[in-house]
1. In whole percent, and with a 1.4 Å probe on the protein chains, what portion of the accessible area of the chain is carbon and sulfur?
2. At R0 = 51 Å, how high is the FRET efficiency between D71 and E253 if r is their beta carbon distance? Nearest 0.05 is fine.
3. Taking springs between alpha-carbon atoms closer than 10 angstrom, which of L141, L88, L11 fluctuates most in the Gaussian network model of the chain?
4. K219: net charge of surrounding residues, Cβ under 13 Å, Lys/Arg +1, Asp/Glu -1, itself excluded?
5. Where Lys and Arg each count +1 and Asp and Glu each count -1, what net charge lies around P157 among other residues with Cβ under 11 Å from its Cβ?
6. What percent does the relative contact order of the chain come to when contacts are Cα pairs within less than 8 Å and at least six residues apart?
7. For the stretch 1-124, give the magnitude of the charge dipole about the Cα centre (Cβ charges: +1 Lys/Arg, -1 Asp/Glu; no others), in debye to the nearest 20.
8. Each label point is 7 Å from the Cα along the Cα-to-Cβ direction; what then is the distance between the points at E25 and V87, in nm?
Amino acid sequence: MSGKNVTDIVLADVEGIAKAARILESGGLVAVPTETVYGLAARADSPEAVARIYAAKGRPDFNPLIVHVRDLEQAERYGVFAGAARVLAGKEWPGPLTLVVPRRADAGLAGAVSAGLPTIAMRAPQHPVMRALLQAVDFPLAAPSANRSGFISPTTPEHVLASLDGRIDMVLDGGPCEDGVESTILLIDPEGVWHELRPGPIYLPALNDIHFDPHYPVKIVRATGERGIEAPGQLASHYAPGKPVRLNAGAAEPDEFLIGFGAVHGDCTLSASGDINEAAARLYACLHEAARARQPRIAVATVPDEGVGRAINDRLRRAAA
Ligand code: AMP
Ligand code: MG
């Protein structure tokens, strides 16, 4: 789509990052690479800027955003980090772990970032471009995935423009995202139970073993949606390519675009060697290709439900819903 874009794609060098910082300061929207997917960033302390995110994405206003910070020290100005949440932020940040914690009454952020909830979702990302940007500005960045609501998440600048061209001010080009699926979201309730609101690159039982006493594992429950808006990733239909999707396919029907894995070779293959991390990194690129393909239907090979495979299958089920 080069040459015909309304929104500029700007290389994420020192100049590009400075330009992005100026746009954000004046309340604009910039798509920024993170280690998970491209985020659509706006200053989290401005109700007008945050409102622009919801408008550009067509995102329902009950669906809260993740606030991105440099580190735990900055995060503590906005949220209360106690107990295990504090330990995890200290040990896992920067990284693809989002923690939902009580929002401070004096947070001074737009109410819409947490959709009016008493809690706030925060993460310190590890991607060098997002980190440089967070250093260049003196406010945290609200940043949901940089795509129209319900559509496929972006892992390249071109994916961003596939649904947001002309609706945002700029895309910072930092190449393809390495992890390829959205952050793991964890809420620890007042009883200490861990609620996995969204599976992602970080596998929670492993965190529990690494940082806490493995003889007394905490109870980790998958979110059911009963707690309401907690996870939009929990909306049954999400990440939708706009065509029917058939899962656990061994081969393609004549009118299907096949997304392969391992021994099942597709029109696009997640990982020919069966590497689950490679599959996560390629998931959205294959879904974007499938959405653009001439075939009216999509079939996807079985992906093992291990490690980040749980996150891949979660996204695929929603793409198929
Ligand atoms: P996205 O920005 O598209 O990656 O989605 C952000 C995710 O964070 C959604 O699944 C939200 O439901 C979740 N989230 C954000 N804030 C909160 C919160 N205060 N409580 C629970 N979940 C949240
Ligand atoms: Mg999203």
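The values are calculated or read from the model by the stated rules, or taken from the named source; none is laboratory data. All values derive from a computational prediction rather than experimental measurement. FYI the Cβ positions are ideal-geometry reconstructions off the backbone, even for glycines, and counts take in every protein chain you see. We work out accessible area using only protein heavy atoms, side chains counted, and drop any ligands, DNA or RNA first. Shrake-Rupley method; radii C 1.70, N 1.55, O 1.52, S 1.80 Å.
1. Reported share for carbon and sulfur atoms: 51 percent.
2. Working from the Cβ atoms, E equals 0.55.
3. In this elastic network of the chain, the residue with the biggest mean-square fluctuation among L141, L88, L11 is L11.
4. -2
5. Every neighbour counted, the sum reads -4.
6. This gives 19 percent for the chain.
7. I would put it at about 240 debye.
8. 4.2 nm
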